[in-house]
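Single-structure report; data block below.
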Amino acid sequence: MIETEAPVERTITRRIFEAWSVEIPATFAETFVDDGSYWHAYDEARSVSLSSILLSDANGPVSADRIVRELPSLEGTPLDELPPGLIGQAATGQAVQPARAALILSGVLAVDGRLLIATITSDDPDWARRVWRSIRSHPAPLPPRLDGRLIVRARSRPRH
């Protein structure tokens, strides 16, 4: 019997917002949802959604450690895997129906002054974890402080 490997899906690295990128299938459709200020890529059975939020206080950008420390735990089964060099948390669970996929991977990642919220849906948990681990942070300027109050703002349209 001759064993063959399944064909490898062609992927692209998409730079999302100023400071984040992710690897997605080249065949995914993409959109930016203005109402929710998030980027969404999908096909008939899988999806990736990302939202980027800026966080600052009277001292400037909130540290990544503080952001992660002050976030509540995510619901579901905790996932120990994080993208290289980033801090955050992730969990997997059953997607709320009528979702197209059975599994949801929810995660948050932080760098100083920035929080990324990721939601990945698929019936294939290995694929969801690969996409999660493909997220990268890129240096990007932060806006100046605003009158010393805690500032939480969703970033504008993603970069392509």
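The values are calculated or read from the model by the stated rules, or taken from the named source; none is laboratory data. Bear in mind the structure is a predicted one, so any value in this text is a computation, not a measurement. Counting neighbours? That spans all protein chains shown, and the Cβs are built from the backbone with ideal geometry, glycine included. Areas reflect the complete protein model, heavy atoms only, side chains present, ligands, DNA and RNA absent. Shrake-Rupley method; radii C 1.70, N 1.55, O 1.52, S 1.80 Å.
In the range 1-84, the inverse of the mean reciprocal separation of distinct Cα atoms equals 16.3 Å; this is its Kirkwood hydrodynamic radius. Positive contributions from Lys and Arg (+1) and negative ones from Asp and Glu (-1), summed over other residues with Cβ under 14 Å from the Cβ of Asp80, come out at +1.
So what is the accessible area of the range 44-96 per residue, in Å², with the probe set to 1.4 Å? Kindly include the intermediate steps, with their values, before the conclusion.
On the way: 2920 Å² over 53 residues.
Each residue of the range 44-96 exposes 55 Å² on average to a 1.4 Å probe.
Rolling a 1.4 Å probe over the protein heavy atoms of the range 1-116, with every protein chain left in place, gives an accessible area that is 51 percent carbon and sulfur.
Taking 0.692 mPa s as the viscosity and 37 °C as the temperature, the Stokes-Einstein diffusion coefficient of the range 1-143 based on its alpha-carbon Kirkwood radius rounds to 205 µm²/s.
Working from label points 7 Å from Cα in the Cα-to-Cβ sense, the Ala58 to Ile12 distance is 4.7 nm.
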